[in-house]
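Before any comments, here is the structure.
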Amino acid sequence: ALGAYRLRVSSLQARRRELETQVEQRTRELAALNAIASVVSRSLDLKEVLRDALERTMQVVEMEVGSALVLDEATQDLILMAYKGVNAASPLLGARWPLANALVGQEMDGTHPLVWRVATDYPEGPLKTNLTREGVQLVVGVPLTAKEKRVGVLVLNTRTARVLTTEGLSLLEAIGQQVGIAVENARLYQQAQQAAAIAERSRLARELHDSVT
């Protein structure tokens, strides 16, 4: 009986430690998401939103190289908006990337991040050569989504050999959705500004026409 009691106590202690670890992990995730939300809510300027989101995300997941790109819906090209940790002249950077090429021919599956180990997963070609030359060992593509619509991607690279946990990938997925909403808000704001400018020009044109008449 004493042995069974001790076994049960040991099992309960192990379960408590497991729950404490889960709570700590969840607390860190919520703190990270709050930090990202604070950063991306400070501005409605698209470039500023992506620059700040990229920098903060890289800090959260401890990666040294990254870029933020938005999707041109008309051409399905990814357009570079911000980067960090790499020289501006690096071949890893391009002003415009076809979506398939930028993500190594892999289609984004909803909101799930894509992960490549450069040495084993990345297809041979100029991009892999450049990644290897830069010392990059892991590449992660984080889809930015808003209302189930893809609006861009964060590409995160690290020169340190590591494995992303399921929890880490879930956190990146949540960050991608959060940043995607901020990107969409910034886009809508820009569109509203453009529409207001067009309406103002039309009003001035009508007034000028009426005055001449």
Which FRET efficiency, nearest 0.05, do A192 and A35 yield, Cβ-Cβ r, R0 35 Å? 0.80
Cα principal axis extents for the chain, largest first, Å: 104, 41, 27
Which whole-number percent gives the relative contact order of the chain, counting Cα pairs below 8 Å spaced six or more residues apart? 20 percent
Could you give the angle, 0 to 90 degrees to the nearest 10, between helix 166-212's Cα long axis and the longest principal axis of the Cα atoms of the chain? 10 degrees
Report, to the nearest whole %, how much of the accessible area of the chain belongs to carbon and sulfur atoms, 1.4 Å probe, protein only. 54 percent
Surface per residue (accessible, 1.4 Å probe) for the chain, Å²: 59 Å²
For the chain, modelled as a GNM with alpha-carbon contacts under 10 angstrom, which of A146, A35, A88 fluctuates the most? A88
If packing is taken as the average count of other Cβ atoms within 10 Å, what order do 161-168, 111-118 fall into, highest mean first? 111-118, 161-168
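The values are calculated or read from the model by the stated rules, or taken from the named source; none is laboratory data. Keep in mind that this is a model prediction, so the values were computed, not measured. Counting neighbours? That spans all protein chains shown, and the Cβs are built from the backbone with ideal geometry, glycine included. Calculation scope for accessible area: heavy atoms of the full protein, side chains included, ligands and nucleic acids excluded. Shrake-Rupley method; radii C 1.70, N 1.55, O 1.52, S 1.80 Å.
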